[in-house]
Amino acid sequence: MPNTYVDRGIIKWAPFDALVGYGAMIRELKIRLGKQDKPLLSDDQFEELNRKLHLACQQNLEVSISYFYEGYIRNTVGSIKKMDWIGQWIILMPFEKIKASDIIDINF
């Protein structure tokens, strides 16, 4: 007879939410379980990102940037104000600094 056990995951700990301190612990656990590893990009993908960055900077285009930050993939929109080649930072118009090595995708 095959094993029909289905794990309920985090739901099985829901009754403990009524106890003091367990609610915060469960929320922290959910945050940690949602984290992922940084995606690896190929050389061709890096070249394509570089071309898009230069085009967006030269033509002052508004871009949508997907980047990796502390285990999560985040998205932001803005126009590129400055590219710091020494520190490898991209600075967007509504002041936001993004590490160039963390960028995953750029769309116009």
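The values are calculated or read from the model by the stated rules, or taken from the named source; none is laboratory data. Since this is a predicted model, take the numbers as computed values, not measurements. Cβ atoms come from the backbone with ideal geometry, glycine included; neighbour counts cover every protein chain shown.
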- Of the residues that make up the range 25-36, is at least one closer than 17 Å to GLN88 by Cβ and not small (Gly, Ala, Ser)? no
- Task: Restricting attention to the range 26-54, report how many residues are touching a residue at least 40 places away in the same chain (Cβ under 8 Å) and either within 13 Å of the chain's Cα centre (by Cα) or farther than 14 Å from ALA100 by Cβ (or both).
- Result: 2
- Item | Index of the failed condition, ARG74 passing every other in (1) in contact (Cβ under 8 Å) with a residue 12 or more places away in the chain; (2) under 13 Å from the mean Cα position of the chain (by Cα) | (1)
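For (1) hydrophobic (A, V, I, L, M, F, W, C); (2) in a strand (DSSP E or B); (3) modelled with pLDDT under 90, each residue gets a yes or a no:
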| site | (1), (2), (3) |
| --- | --- |
| ILE65 | yes, yes, no |
| PHE68 | yes, yes, no |
| ILE73 | yes, yes, no |
| VAL77 | yes, yes, no |
| LYS81 | no, yes, yes |
| GLY87 | no, no, yes |
| PRO94 | no, no, yes |
| ASP105 | no, yes, no |
- Item | Residue list for the range 59-108, restricted to those being aromatic (Phe, Trp, Tyr), closer than 15 Å to LEU49 by Cα and out of contact with any Leu (no Cβ under 6 Å at 6 or more places or on another chain) | TYR67, PHE68, TRP85, TRP89
- So is LEU40 assigned to a loop (DSSP other than H, G, I, E, B), modelled with pLDDT of 90 or more and among the hydrophobic types (A, V, I, L, M, F, W, C) or not? yes
